Amino acid sequence: MFTGIITGVGRIADLHDLGSSLEHGKRLTLEAPPGYLDDVGLGDSIALNGACMTVTSLNLPQHHFTIDISAESLTRTTGLAQPGRRINLEKALRAHDRLGGHIVSGHVDGVGTVTRFAQVGESWELRVMAPAELGKYLAYKGSITVNGVSLTVNQVADGATGCEFSINLIPHTVQNTALGELTEDSSVNLEIDTVARYVERMLSAGAHPTKEHSA
């Protein structure tokens with residue numbers, strides 16, 4: 001589990017195919033900030049732009065670690081197969097950590113497209129067109145994860161081609177995550193709020209509270 005609070009910005013240093021067919025995934029070598037990997041062990045989980053991955057090797061002197069990503073994960077995410085690209089990192093939540101963002105699973109629900117990214121006053125407005133099927137999970141002042149960053153939805157507009165939502169980014173977020181490198185038409189990983197997922201399931205199943213009778 002994660003919180004959507006980015007703990008470091010890394011870089012995809014290298015990329016290798018795990019096989020010769022499209023059914024094979026890739027091995028990514030990532031460069032982390034100095035000291036970032038000091039408390040990381042083999043098998044630990046780190047979210048890369050919101051996608052939970054497993055550390056398969058460590059090179060502490062070079063601040064490098066590797067992960068293996070399947071072909072399935074590559075088709076359902078974006079930005080994880082581009083050498084040189086800066087990427088948001090978050091280590092898995094520990095039991096005693098503060099929950100500064102919201103509960104994030106690290107499972108990408110869909111890929112959105114940036115429709116606007118512009119400075120407004122001291123902040124930045126980010127608009128993203130989400131797949132239509134995710135629209136029912138988006139709500140005013142609700143939570144959404146964009147490339148691993150926990151953010152608050154300010155506006156929602158359903159349309160024929162999808163659901164566009166708007167977010168306000170403060171300067172700290174732009175400066176301390178890779179979101180500042182987004183441009184119009186950039187693709188981003190989206191994860192909906194876990195609570196919204198369960199609420200939708202209960203409503204669609206017609207679940208009702210059970211009344212208990214006392215003798």
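A compact table of results
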quantity: Residue in segment 44-53 that is in contact (Cβ under 8 Å) with a residue 24 or more places away in the chain, open to solvent by 30 Å² or more (accessible area, probe 1.4 Å) and closer than 23 Å to Glu181 by Cβ present; calculated: yes
quantity: Output for segment 59-90, where each listed residue is open to solvent by 60 Å² or more (accessible area, probe 1.4 Å) and of a type in the set (A, V, I, L, M, F, W, C); calculated: Leu60
quantity: Strands (runs of 3 or more DSSP E) wholly inside segment 16-95 that include at least 1 residues being of a type in the set (Gly, Ala, Ser); calculated: 45-48, 51-59
quantity: The listed residue being under 16 Å from the mean Cα position of the chain (by Cα), closer than 17 Å to Ala47 by Cβ and at pLDDT 95 or above, out of Val111, Val128; calculated: Val111
quantity: Evaluation of Ser105 against (1) under 24 Å from Ser186 (Cβ atoms); (2) polar (S, T, N, Q); (3) at pLDDT 95 or above (one fails), failing number; calculated: (3)
quantity: Single residue of segment 140-166 satisfying the filter (over 18 Å from the mean Cα position of the chain (by Cα) and among the polar types (S, T, N, Q)) that is least open to solvent (accessible area, probe 1.4 Å); calculated: Asn154
quantity: Search result, residues across segment 182-215 that are modelled with pLDDT of 95 or more and either part of a helix (DSSP H, G or I) or surrounded by fewer than 13 Cβ atoms within 10 Å (Cβ to Cβ) (or both); calculated: Thr183, Glu184, Asp185
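The values are calculated or read from the model by the stated rules, or taken from the named source; none is laboratory data. These numbers were taken from a predicted model, which means no experiment stands behind them. Heads up, the Cβs are rebuilt from the backbone with ideal geometry, glycines too, and the neighbour counts pull from every protein chain shown. Only protein heavy atoms, including side chains, enter the accessible area calculation; ligands, DNA and RNA are left aside. Shrake-Rupley method; radii C 1.70, N 1.55, O 1.52, S 1.80 Å.
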